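The values are calculated or read from the model by the stated rules, or taken from the named source; none is laboratory data. Predicted model only: the values in this text are computed from it and were never measured. Cβ: placed from backbone, ideal geometry, glycine included. Neighbour counts: every protein chain shown. Keep in mind that these areas ignore ligands, DNA and RNA; they rest on the heavy atoms of the full protein, side chains included. Shrake-Rupley method; radii C 1.70, N 1.55, O 1.52, S 1.80 Å.
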Amino acid sequence: MNRRSALKLLSSLPAAAAAQAEVTYDDLRKADPKDWLTYQGNYNAQRHSLLKQVHTGNVADLTAAWIYHVPNANRLQCVPIVVDGVMYISQPNEVYALDGTTGRLIWSYNHEPALQRGPNRGVAVYGNKVYVGTPDAYLVALDARTGSLLWKAKLADAKDGYWAPVAPLAIKDKIIMGIAPGDHGLNGWLDAYSAETGERLWRWHSIPRPGEPGNETWAGDSWKTAGGDTWLTGSYDPELNVVYWGIGNPAPDFDGDVRKGDNLYTECMVALDADTGKLKWYFQYTPHDVHDWDAVEVPVLVDADFKGRKRKLLVQANRNGFYYVLDRVTGEFLHGSPFLKRLNWATGLTKEGRPIRVKEVIPTTQGTRTCPATAGATNWHSPTYSPDTNLFYVAMMEGCGINYKSRDTFRPGGMPYMATGYVEDPEAPWQTYVRALDLTTGAIQWEYKQVGSKRYGAGLISTAGGLVFAGDDQGFFTALDARTGKPLWHFNTGQQITASPVSYSVKGKQYLSVAAGSNIVAFALHGRAAK
Amino acid sequence: MRLAWLVLFPLLAFAQHDPAVVAQGRELYNRSCTQCHGADGTVGDRGPALAARRRYIRSSEEDLFNAIKNGIPGTGMPGSALPPDDVRKIVTYIRSLRATAIDAPIEGNTAKGEAIFNGKGRCRDCHMVNGQGGIIGPDLSNIAAERSIKAIHEGLTVPRPHIPTGFQPVRVVLQSGAELRGILKNEHNFSLQMLDMNGKLHLLSRDEVKEVEYDTQSLMPTNWAQRLTPEELKDLVAFLSRQARPVDGPRQPNARRRR
């Protein structure tokens, strides 16, 4: 290694908008398996990686490739985004670009003022930019090569209590962005911003205002402090040009008396035109919910045979304990069945998909046993669908809660407006599982019990190598046989996993990576095993 | 060059703080604190640098005063027996060390300064300000909140003793014979990460690299005292000394930088 001066670099300065491999809309659509370009890796949110260097036959040789410790992090929820081997990760107010093969830092960005509100679920990439939401409710665009701040778009007033944990979704030249928190009586929306300038292009309000259809589903003025936020990234069908997004709970969460009616569009799946934000259809999973069962869980898009007919499906394992199959062109309800063994709040679904409620299972001042618990049968962590097995895999929790209610009054400024809450039912302690459901019937094909784990949070990925990767609250990252659920490999990351894993490939090597506690951990086969 | 500095910017570094108090604080500091915190709060193996660029745990007068007066229990930081008045002077001194350009931006024609930044100086070829510009040098959008006026001025006129991390110019020859030129973002025995002159990031294992040539000179030109008139230089610094991102609430002194 010699040192000298005047390398004559100056003659060849990069133009401001130079030639780094830019992420195009075409790239996002194609979702080359070597990259992980969107929160779910693919617009259809199947989280199925076509990489198969790591497979059932050699996964036993998988080993940790590197660990990146995120300073001051704790229970990271970000899903890494990987472009040409460069990995972008985030925590509230911070974004890091890492070398995906070594975990070495390339740049980091610190957002100021650094309000402390978490989590942050990840970034989006488009062109030469990285996009992230912030605790003070901005959408921020950074230069993907240096982390330079390019612009900030104000989503809402942080003083009102809004913030932005959701990973943005890049569609064409737009950045789709949701908002939180509904539990504070703040009404939600879904926005689209110009990827180039940050200018807002449309906003769809999830709580209809007076004169708009659906406003009549809110008694009196209750629509004004109604919730319905959009805190988890949805999915997209490029052919239909439709964005699918799950909507959060109504407020106050546990007291339905002050907001009689179905409370549209809380706890709905909504289908919006990606260009205009116009509502195409909606399906409400839990009308007039009183258990805080946000319906934000990932909408997974699959084209499959349904009762002998090829259909464009949207499936979701809902926090309320039912697995739903919808027609994503029309929103028609096709099937629903519990994926939870202990479910006591409904006896089933009508043929339109409305829950047949058990009247007594509503929160009371003395407390009511409710299964699933408010924490939900599942939550933000991602499920996966493998076309190879035609199974839908969900990381979920069996367990009940005792739900209480009180009278609450809305206070502005981001104060909780929940009308009390819930505790774990000591007689039905929580237990997490990975369950494999038949795509169209929802029948449980196998389950993997995560012994000793009671807090969910670790999502799933399936791979063409015949594997499903899962995590648990004790820090184990585990490879399961996608057909049988048999564990084939595990690694103790040492910290609770509350994020969903990804896979990517650089220079011919497949990696799996997941945020575990305060670290990002990546795995690959040993040099020889990879051959 | 020293002279130019004194003529153009007398006492600006400490503008906010009474220079007499700062001088007394400095003397007190030098008597009892340097063995752990280094001269002018810059280094020390036994205590943290009190005024080097990083995020500070304590920055309010109150917090600094308490830390010095009472020490920090459970750590190597002893309490001081100095009278409270003297401790206050030390606090003023430490805060003056930490003062950045935006605390007291210098006078000058900022419009002319900006024109030099974009034109004659070609600064924007290498530096981004508010989302516009090059990527080979650090983003200067917040430089005034990160650096003192003195440091900005020296940045333009005095060659660096060493090239800051993230900006080392290199020529890398790969085993394949291909050659890359750019700056190192990071490196280690086993890998290096570089941004080439086309703005592309390269993630290289040392196995792939045949040769790395490190330039001894930063890409940042430091002959602006020769290339610009004193008036132009002053206007340029006046422009830079106002480049700070707006923040709600009190600014964190020397907020940590990305790279």
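The residues of the range A:391-431 that are more than 26 Å from residue A:364 (Cβ to Cβ) and open to solvent by less than 20 Å² (accessible area, probe 1.4 Å), listed by number, are A:391, A:392, A:393, A:394, A:395, A:396, A:414.
Could you check how many residues of the range A:339-390 are part of a strand (DSSP E or B), open to solvent by 30 Å² or more (accessible area, probe 1.4 Å) and either basic (Lys, Arg) or touching a residue at least 60 places away in the same chain (Cβ under 8 Å) (or both)?
Counting residues in the range A:339-390 that are part of a strand (DSSP E or B), open to solvent by 30 Å² or more (accessible area, probe 1.4 Å) and either basic (Lys, Arg) or touching a residue at least 60 places away in the same chain (Cβ under 8 Å) (or both) gives 2.
Pairs linking a residue in the range A:228-240 that is on the phi > 0 side of the Ramachandran plot to a residue that is surrounded by fewer than 24 Cβ atoms within 10 Å (Cβ to Cβ), with Cβ atoms under 8 Å and 6 or more positions apart or on different chains, are A:228/A:187. Checking each residue in the range A:490-507 for being open to solvent by 10 Å² or more (accessible area, probe 1.4 Å) and either within 20 Å of residue A:456 (Cα to Cα) or without any contact (Cβ under 8 Å) to a residue 24 or more places away in the chain (or both) picks out A:490, A:491, A:492, A:493, A:494, A:495, A:496. Checked against (1) open to solvent by 10 Å² or more (accessible area, probe 1.4 Å); (2) out of contact with any Phe, Trp or Tyr (no Cβ under 6 Å at 6 or more places or on another chain), residue A:482 meets all criteria but (1).
Can you say whether residue B:164 is more than 7 Å from every other protein chain (Cβ to nearest Cβ) and modelled with pLDDT of 95 or more, as far as the supplied structure shows? So residue B:164 does not fit the description; no. Identify all residues within the range A:66-90 that are assigned to a loop (DSSP other than H, G, I, E, B), farther than 12 Å from residue A:518 by Cβ and within 14 Å of chain B (Cβ to nearest Cβ); write none if there are none. Once the filter is applied, which keeps residues that are assigned to a loop (DSSP other than H, G, I, E, B), farther than 12 Å from residue A:518 by Cβ and within 14 Å of chain B (Cβ to nearest Cβ), the range A:66-90 yields A:84, A:85. Of everything in the range A:391-426 that is in contact (Cβ under 8 Å) with a residue 60 or more places away in the chain and among the polar types (S, T, N, Q), the residue that is nearest to residue A:313 (Cα to Cα) is A:403.
If I filter the range A:158-182 down to residues being closer than 15 Å to residue A:118 by Cβ and not in a loop (DSSP other than H, G, I, E, B), which single residue comes out as least open to solvent (accessible area, probe 1.4 Å)? Here the answer is A:180.
Checked against (1) of a type in the set (A, V, I, L, M, F, W, C); (2) within 26 Å of the chain's Cα centre (by Cα); (3) open to solvent by 20 Å² or more (accessible area, probe 1.4 Å), residue A:195 passes all but condition (3). In the range B:48-66, which residue that is at pLDDT 75 or above and buried (at least 19 other Cβ atoms within 10 Å of the Cβ) is nearest to residue A:71 (Cα to Cα)? Among residues in the range B:48-66 that are at pLDDT 75 or above and buried (at least 19 other Cβ atoms within 10 Å of the Cβ), the one nearest to residue A:71 (Cα to Cα) is B:50. Scanning the range A:144-157 for residues that are in a loop (DSSP other than H, G, I, E, B) and within 13 Å of chain B (Cβ to nearest Cβ) gives A:144, A:145, A:146, A:147, A:148, A:157. Under 30 Å from residue A:491 (Cα atoms), of a type in the set (A, V, I, L, M, F, W, C) and either part of a strand (DSSP E or B) or over 22 Å from the mean Cα position of the chain (by Cα) (or both) - does that describe any residue in the range A:408-419? Looking for residues that are under 30 Å from residue A:491 (Cα atoms), of a type in the set (A, V, I, L, M, F, W, C) and either part of a strand (DSSP E or B) or over 22 Å from the mean Cα position of the chain (by Cα) (or both), one finds none in the range A:408-419, hence no. Screening B:105, B:84 for residues that are out of contact with any Pro (no Cβ under 6 Å at 6 or more places or on another chain), away from chain A (no Cβ under 14 Å), over 22 Å from residue B:224 (Cβ atoms) and touching a residue at least 12 places away in the same chain (Cβ under 8 Å) leaves exactly one candidate, B:84.
If I go through the range A:211-246 residue by residue, how many of them are farther than 25 Å from residue A:418 by Cβ and assigned to a loop (DSSP other than H, G, I, E, B)? Number satisfying all stated conditions: 7. Does the range A:296-311 include one or more residues that are among the acidic types (Asp, Glu) and without any contact (Cβ under 8 Å) to a residue 12 or more places away in the chain? Yes: one or more hits. Quick check: is even one residue across the range A:293-310 open to solvent by 10 Å² or more (accessible area, probe 1.4 Å) and within 29 Å of residue A:420 (Cβ to Cβ)? No, the conditions are met nowhere in the range A:293-310.
Checking every residue in the range A:134-143 against the condition of being β-branched (Val, Ile, Thr), away from every other protein chain (no Cβ under 14 Å), in contact (Cβ under 8 Å) with a residue 40 or more places away in the chain and assigned to a loop (DSSP other than H, G, I, E, B) gives zero matches.
Can you say whether residue B:141 is under 30 Å from residue B:96 (Cα atoms), surrounded by fewer than 23 Cβ atoms within 10 Å (Cβ to Cβ) and out of contact with any helix residue (DSSP H, G or I) (no Cβ under 6 Å at 6 or more places or on another chain), as far as the supplied structure shows? Taking the combined requirement at face value, the residue satisfies it. Residue check: residue A:434 meets all listed conditions (1) under 20 Å from the mean Cα position of the chain (by Cα); (2) surrounded by fewer than 19 Cβ atoms within 10 Å (Cβ to Cβ); (3) assigned to a strand (DSSP E or B) but one, namely (2).
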